[in-house]
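Colleague: For reference, the structure I am asking about is given below.
The values are calculated or read from the model by the stated rules, or taken from the named source; none is laboratory data. Remember, predicted model here, so these are calculated numbers, not experimental data. With ideal geometry, Cβ positions are generated from the backbone for all residues, glycine too; neighbour counts draw on all protein chains shown. Calculation scope for accessible area: heavy atoms of the full protein, side chains included, ligands and nucleic acids excluded. Shrake-Rupley method; radii C 1.70, N 1.55, O 1.52, S 1.80 Å.
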Amino acid sequence: MKESAENYLKGIYALSAKYPEGVTTNALAEKMQTKASSTTDMLQKLSEKGLVKYKPYYGSNLTAKGKRAALDIVRRHRLWEVFLVDKLGFNWDEVHEIAEQLEHVVSDDLITRLDEYLGSPRFDPHGDPIPDKKGNIIDHRNAKSIAAFAKGDKLEVVGVNESSAPFLQYLEGQDLRLGNKIEILAVFDYDQSMRVKVFKKEIMLSKQVCENLLATKINRS
């Protein structure tokens, strides 16, 4: 499969939660940063290969075959990100673009050995769950954006909804790394921003940051 086709499958998979009835062509074109006409052409090709169910003006969904292919790509991408951070010392804001290239190296034996070498990690450096070799995703953390929590809640940072380098660099600067603990001190009705405590430091977080930062609640003993 060509890299472009793999990228489209991964794009449809990423958007499917937001568009369960069918990923719109415009939404997919925006994500892929291409023209709607080019996206339509690719969807038709993927449909002919049995990877996508495409209906003009209604959107597209992955077939079972297409979803498995997409999950294989996601698995390769996230394993490479773990390798780059844990074994080569890259920062979490540096690895996405490199993994975008490495994910297209298709070798089941290579990925199996990579998974074993890394100790079969369950999550990538951004907190995203890594599909197993059968395409299963197991995530029992019950993570939510911190925007869903309330004043007084104590949380552990476990992931992000956005993995752009500027966002991750911003989090680094605020000591908001995976595994760090935070406490919500105040939620402001005006703009849904929050004041939180990280270690002994109090910081303000915008609504956008709150929506893109994932956490789990720490149960008080």
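Colleague: Sort out which residues of the stretch 48-57 are open to solvent by 50 Å² or more (accessible area, probe 1.4 Å) and either of a type in the set (S, T, N, Q) or in a strand (DSSP E or B) (or both), and write them in order of number.
Modeller: K53, K55, listed by residue number.
Colleague: Continuing with this model, one more query. May I ask you to list pairs of residues, at least six apart or on different chains, whose Cβ atoms are under 7 Å apart, with the first in the stretch 172-184 being within 12 Å of D93 (Cβ to Cβ) and the second being part of a strand (DSSP E or B) and modelled with pLDDT of 95 or more?
Modeller: R177/V157
Colleague: Condition first: surrounded by 13 or more Cβ atoms within 10 Å (Cβ to Cβ) and outside any helix (DSSP H, G or I). Now tell me which residues in the stretch 1-47 satisfy that.
Modeller: Within the stretch 1-47, M1, S16, Y19, G22, V23, T24, T34 qualify.
Colleague: Applying the selection to the stretch 69-106, what residues are open to solvent by less than 40 Å² (accessible area, probe 1.4 Å) and not in a helix (DSSP H, G or I)?
Modeller: Those that are open to solvent by less than 40 Å² (accessible area, probe 1.4 Å) and not in a helix (DSSP H, G or I): W92, D93, V95, E103, H104.
Colleague: Conditions first: (1) in a helix (DSSP H, G or I); (2) open to solvent by less than 40 Å² (accessible area, probe 1.4 Å); (3) among the polar types (S, T, N, Q). S60 passes all but one, so which condition is the exception?
Modeller: The number of the failed condition is (1).
Colleague: OK, next. Being without any contact (Cβ under 8 Å) to a residue 40 or more places away in the chain and over 26 Å from G119 (Cβ atoms) is the filter here; which residues of the stretch 133-163 pass it?
Modeller: Scanning the stretch 133-163 gives A148, A150, K151, G152.
Results for (1) over 30 Å from R75 (Cα atoms); (2) in contact with a Gly (Cβ under 7 Å, 6 or more places away or on another chain); (3) open to solvent by 20 Å² or more (accessible area, probe 1.4 Å), shown as yes or no for each residue.
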| position | (1), (2), (3) |
| --- | --- |
| D128 | no, yes, yes |
| R177 | no, no, yes |
| L185 | yes, no, yes |
| I218 | no, no, yes |
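Colleague: Then there's this: Spot the failing condition for E94; the list is (1) charged (D, E, K, R); (2) over 17 Å from Q208 (Cα atoms); (3) in contact with a strand residue (DSSP E or B) (Cβ under 9 Å, 6 or more places away or on another chain), and only one is missed.
Modeller: (3)
Colleague: Oh, and also: Are there any strands (runs of 3 or more DSSP E) wholly within the stretch 112-221 with 2 or more residues that are closer than 19 Å to F83 by Cα, and if so which?
Modeller: By residue number, 154-160.
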